[in-house]
Amino acid sequence: MGRKLESGIFKGLERSEKKIWLSSPTMHGDEKRWIERAIDTNWVSTVGENIDEIEKWIAGFIGVKYAVGLSCGTSALHLATRLAAEKLYGQARPDEGTLRGRKVFCTDMTFDASINPVAYEDGNAVFIDTERKTWNMSPEALEVAFCLYPEVRLVIVAHLYGTPARMDEIRSVCNKHGALIVEDAAESLGAKYLTSLCGGGKDSCQGAALRGSDNSGVAAQRAGTQGAAALTGDCVWRETGALGDYSAISFNGNKIITGSAGGMFLTDSKEDADKVRKWSTQSREAAPWYQHEEIGFNYRMSNIIAGVIRGQLPFLDEHIAQKKAIYDRYKAGLSDLPVKMNPFDEDKAEPNFWLSCMTVDPDAMSRSVRSESEYIYESEPGKSSPHEILDALTYFNAEGRPIWKPMHMQPVYRMNPFVTTEGSGRGRTNAYIAGSGEDVGADIFSRGLCLPSDNKMTPEEQDFVIEIIHRCFA
């Protein structure tokens, strides 16, 4: 960016006085009301009206029977993973994790919070390569992984940047091999997927639709939808968070709905919901004193945090519409450049468009290289690179971010197995063999970036961002 800045390519553009954020919290006023009620009534710990109300709201909206408020999305993923492992392998000793010595198939291109619970439970993550259609787990690579590791019985699937994975194909593979699914919907609250396999085919889908309609009815109020689960022929539209055997969502500070923190575990099983509530409050037993028969955690949601979320939830559809408008403006405004927006299956998925992202076409990539913590690139006329664009955005006071670095490339997981559609993705080359095959996640990471996607960004501010990107290719 330095050379292009010096060349005058950015002449006439002035640095934005106001920061243009990647994705910041959007407050509406009711958050303060519910926080003050919690304080005024002295319900400021891990019980209270705010928690009860948002659990009811989320369960009805997503179309599950039970939602359990937890301290963060990571804690929800941890307990979902622990519960799935206990169902599969039995209760572990207090000094061991429930996955000790077991492999788990995991989404590769995601935030490490999706994966770390496997390590918390002494398991071994096997990373499944990404597909280009959705930037999520490749069902074809998952099938290959089961051929390599037929003993695996647990799969963790994340919906990247609010875009649903191809869950029917993934569910079909998992059903074939008797595997459970932990669904990481941390980034995708409000996204929907058209499914024919909600755990057991058409009949179970219809049952799920009925269960969704029996809840609070909140989802039925959504503009343009027919409720939490709406039948379409032999298929059903379902919210992400209702597509796994065990599911989790997040209310982190930059999510589409935020409590500054917080997460939820989602299930149709009362037994599972009760177990997670127990574990999240240090596994205290029903005794006059503090008695514990299982390892527990301090994971329950605060009623204060729940107050922020309670004030946010009525605005979810508004936030999604704003995020979609941002995505559509980028798609139109960048259509004359050699770039592509993050994709989704237009027939079977309705993302929440949490973050708008793009990749630079291979022929338009200027030369660049990264170490574990630094980068360098060459400025070339008519070409650009993610870091040149990110540096330009930073210079003009706008925030972008690299695409999630795939887990198989992370130093902490560099010894874990990695599977592509062609087999093991590790050690495919040596001094005598050029190597073949494609590492999709690594390619997207090398050419991709997340664009400013704040729902408070004005069209004029977005036009400014689009102009900066155009000049990077000058």
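The values are calculated or read from the model by the stated rules, or taken from the named source; none is laboratory data. What you are looking at is a predicted structure, and each value in this text was computed from that prediction instead of being measured. When we count neighbours, we look across all protein chains shown, and the Cβ atoms used for this are built from the backbone with ideal geometry, even at glycine.
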Quickly run through the range 328-338 and pick out the residues that are surrounded by fewer than 22 Cβ atoms within 10 Å (Cβ to Cβ) and within 24 Å of the chain's Cα centre (by Cα). 328, 329, 331
Considering only the range 362-414, how many residues are among the β-branched types (Val, Ile, Thr) and surrounded by 17 or more Cβ atoms within 10 Å (Cβ to Cβ)? 2
Cβ pairs under 6 Å, 6+ apart, first in the range 24-47 and more than 28 Å from residue 320 (Cβ to Cβ) and not assigned by TED's automatic domain parsing to the domain that holds residue 458, second buried (at least 16 other Cβ atoms within 10 Å of the Cβ) and among the hydrophobic types (A, V, I, L, M, F, W, C): 44/38; 44/304
Of (1) aromatic (Phe, Trp, Tyr); (2) surrounded by 19 or more Cβ atoms within 10 Å (Cβ to Cβ); (3) farther than 24 Å from residue 23 by Cα, residue 120 fails just (2)
Given (1) over 30 Å from residue 93 (Cβ atoms); (2) in contact with a helix residue (DSSP H, G or I) (Cβ under 7 Å, 6 or more places away or on another chain), index of the condition residue 268 fails: (1)
What pairs come out if I take residues in the range 232-257 that are not assigned by TED's automatic domain parsing to the domain that holds residue 169 and in a loop (DSSP other than H, G, I, E, B) and pair them with residues that are at pLDDT 95 or above and of a type outside the set (A, V, I, L, M, F, W, C) whose C-beta lies under 7 Å away, six or more apart or interchain? none
Of everything in the range 443-474, what is buried (at least 16 other Cβ atoms within 10 Å of the Cβ) and either over 15 Å from residue 328 (Cα atoms) or basic (Lys, Arg) (or both)? Give them in sequence order. 444, 445, 446, 447, 448, 449, 464, 468, 469, 471, 472, 473
For the range 14-42, the count of residues that are farther than 30 Å from residue 401 by Cβ and not charged (D, E, K, R) equals 5
Here are some residues: 340, 324, 331. Which one is modelled with pLDDT of 95 or more, at negative phi and either assigned to a strand (DSSP E or B) or of a type in the set (Gly, Ala, Ser) (or both)? 340
I'd like the residue in the range 6-57 that is of a type in the set (S, T, N, Q) and within 24 Å of the chain's Cα centre (by Cα) and, out of all such residues, is nearest to residue 354 (Cα to Cα). 23
Please work out which residue is nearest to residue 405 (Cα to Cα), limiting yourself to the range 429-462 and to residues that are among the hydrophobic types (A, V, I, L, M, F, W, C) and modelled with pLDDT of 95 or more. 445
Selected residue (criterion: surrounded by the fewest Cβ atoms within 10 Å (Cβ to Cβ)) from residues of the range 125-140 that are in a strand (DSSP E or B) and touching a residue at least 40 places away in the same chain (Cβ under 8 Å): 126
